[in-house]
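In what follows, a structure is listed as structure tokens, so that the remarks can point back to it.
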Amino acid sequence: MPGATVVRTTHLTQQAHWTDRVAHMALAVVALAMVAFLAFPLLAILQQALEGKEGEFVGIANFVSYAQTPALLESLWNSIWVSGLVTAITIPLAFGFAYALTRSCMPLKPLFRGITLVPLLAPSLLSAISLIYWFGNQGVLKSWLTSVGVSEIYGAPGIVVAECFAVFPHALMILVTALSLSDARLYEAADAMGTTATRKFFTITLPGAKYGLISAALVTFTLVITDFGIPKVIGGNFNVLATDVFKLVIGQQDFAKGAVVAILLLAPAVLTFGVDSYVSRRQTAMLTARAIPYRPKPSRSYDIAMTLYCSLIASLVLAMLGMAVFASFASFWPYNLSPSLRHYTMGLVDAEVGVGFVNSLKMAAGTAVFGTALVFCGAYLLEKTKGMDGLRGLVRLLAMLPMAVPGLVLGLGYIFFFNEPRNPLNGLYHTVTLLTLCTIVHFYTTGHLTAVTALKSLDGEFEAVSASLKVPFFKTFWRVTLPICTPALVDIARYFFINAMTTISAVVFLYSPETKVASIAILNLDEAGEMGAAAAMAVLIGLVSTAATLLFMALAWWVNRRTQAWRTTER
């Protein structure tokens, strides 16, 4: 009947409008959260940089004053050349290691890969603490350091070595992925034409890994120039931009110059993000539908050489980690090296770092739970719902922006924005809640990209069929999308938890004595001269992160059994 058809069509349209409004409201909530906790703090930095001490508009006067301060300009130059040097050292070392993992038949590949990823589970300043025990004034190899012409490890030498250790895993992960995407047919054709191994390397391997090399170099440079923990511990009188921000804001209360330095720190990160986006658009696919995965062929001498190289790198990593563990148990360095729990007791009880660990666990758990929920819901609303294109563009921009914002800059923006008495969100200042929100925003982009990748693998017909059956989108989300994407959710939660436990720069400006977290407590112990206790607390953070990683792996296994049975086929 025509009348019945009109009524049915009207009912479907009304229901679609109702569910669309719910989706639009949810997307608006995500956008509002990103604006309040990302865009406004960054705008507060810019506002502070353009204002004088009385809050009056002074234009670029603060930038001119900065340019006329030789000490601050020296810090800028120090940051640039140290970051460049670390990048120049780390990328070839990581490339060689990645090449050995992907292009050789050496034994124990999982073991070597696992050892090099361990530094990700501890705060970056762990490497600085270890170097002090190895080469410091009372270090084990202090005499050797002097014999090679280096007077002391403090300053630029210590920062460079410690940063190489800290950023090596990040570069390695990118380069392993780049070298894994190779078409064996190219190498077979080169072999058929009698091409030498050297020529194949420079004409096939390097061009194929070009994008990975550029990305790894950009990521390494950005991580080093924005890192705060390592220069703070081992930098001595060698000033860099990251430590300048801390001194200007916390020590001198010069917020205007602090904002100027923050913008300078933001510049290389934004430039890196732009270059990476440009290069990725020009990158062509290395694997086509007809590609054959490259599989290395055994070669005794080559495999032995690769094994020795990876053993050397892994030994250096273990030496760095092992020294921190050993020093944390040494009774009184270097006079009494007998093992004891003195430093652990001093840190957890006497220095009350135990409270910091509780706060860290609260922050990490909150970041994992609420960060995962926000990231996945935001990605779902962007990828699987329609309408409000202008708002979608804003949310996409804000979702990618944290990748280009250093944690130190974001934390400074939180000071300027949330410490403003007229701000209705001022009550969040100095709370664990704000620390959690800052950490979520700081690491938002990686979680967002992971969620988007998982959602793009799902056919859009799920939502189309649900709409035709008059099923609201949120029921489809709960019953279909969420169960299928559960493994990605576990990965995102693990990423958030580990980074929340180890982060320093994002929260160094935001804590109070009651909300101090464990990673910040390590800095305080170092400043107080309690290096052994600082090492002990860094080791404990590493152990907690390792335990959390194992738990997330077990959770992932359980989730796969419960929700991914459809991926297996009965034969």
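The values are calculated or read from the model by the stated rules, or taken from the named source; none is laboratory data. Quick caveat, the model's predicted, so the values are computed rather than measured. Cβ: placed from backbone, ideal geometry, glycine included. Neighbour counts: every protein chain shown.
Please determine, by comparing only the residues of segment 338-379 that are polar (S, T, N, Q) and free of Cβ contacts under 8 Å to residues at least 40 places away in the same chain, which one is farthest from Asp526 (Cα to Cα). The qualifying residue farthest from Asp526 (Cα to Cα) is Ser338. For the residues Ala88, Ala98, Ala71, the requirement of being under 21 Å from Phe202 (Cα atoms) and out of contact with any helix residue (DSSP H, G or I) (no Cβ under 7 Å at 6 or more places or on another chain) singles out Ala88. Here Val409 fits the description: at pLDDT below 90 and more than 24 Å from Cys377 (Cβ to Cβ).
So how many residues does segment 46-102 have that are over 22 Å from Leu266 (Cβ atoms), assigned to a helix (DSSP H, G or I) and without any contact (Cβ under 8 Å) to a residue 12 or more places away in the chain? Going through segment 46-102 one residue at a time, the tally reaches 3. For segment 122-160, the set of residues classified as more than 21 Å from Leu223 (Cα to Cα) and small (Gly, Ala, Ser) consists of Gly136, Gly139, Ser143, Ser147, Gly149, Ser151, listed by residue number. Note on segment 95-145: among residues that are touching a Leu at 6+ places or on another chain (Cβ under 8 Å), polar (S, T, N, Q) and within 23 Å of Ser180 (Cα to Cα), the one that is surrounded by the most Cβ atoms within 10 Å (Cβ to Cβ) is Thr116. Here Thr243 clears all of (1) crowded, with 18+ Cβ neighbours inside 10 Å; (2) closer than 14 Å to Ala98 by Cβ except the condition numbered (2). Suppose the filter is in contact with a strand residue (DSSP E or B) (Cβ under 7 Å, 6 or more places away or on another chain) and either of a type in the set (Asp, Glu) or not in a loop (DSSP other than H, G, I, E, B) (or both); does Leu337 pass it? In short, yes.
So that you can scan it fast, the table gives a plain yes or no per residue for (1) over 30 Å from Met400 (Cβ atoms); (2) buried (at least 19 other Cβ atoms within 10 Å of the Cβ); (3) among the polar types (S, T, N, Q):
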site: Val35; (1), (2), (3): no, no, no
site: Glu51; (1), (2), (3): no, no, no
site: Glu54; (1), (2), (3): yes, no, no
site: Ala71; (1), (2), (3): yes, no, no
site: Ser79; (1), (2), (3): no, yes, yes
site: Gly84; (1), (2), (3): no, no, no
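Within the option set Leu145, Leu175, Leu126, being over 30 Å from Glu530 (Cβ atoms) and assigned to a helix (DSSP H, G or I) holds for one residue only, Leu175.
Here Val167 meets each of (1) β-branched (Val, Ile, Thr); (2) crowded, with 21+ Cβ neighbours inside 10 Å; (3) without any contact (Cβ under 8 Å) to a residue 12 or more places away in the chain with one exception, condition (3).
Just one of the listed residues (Ala71, Ala33) is touching an Asp or Glu at 6+ places or on another chain (Cβ under 9 Å) and of a type outside the set (Lys, Arg), and it is Ala71. Screening Thr198 with (1) closer than 19 Å to Cys164 by Cβ; (2) surrounded by fewer than 21 Cβ atoms within 10 Å (Cβ to Cβ); (3) of a type outside the set (A, V, I, L, M, F, W, C) gives one miss only, at (1). Among the residues of segment 387-413, those identified as free of Cβ contacts under 8 Å to residues at least 12 places away in the same chain and closer than 13 Å to Val30 by Cα are Gly393, Leu397. Taken over segment 191-216, residues that are in a loop (DSSP other than H, G, I, E, B) and either more than 17 Å from Pro296 (Cα to Cα) or free of Cβ contacts under 8 Å to residues at least 40 places away in the same chain (or both) amount to 4.
Restricting segment 486-527 to residues that are in a helix (DSSP H, G or I) and hydroxyl-bearing (Ser, Thr, Tyr), which is surrounded by the most Cβ atoms within 10 Å (Cβ to Cβ)? Here the answer is Ser519.
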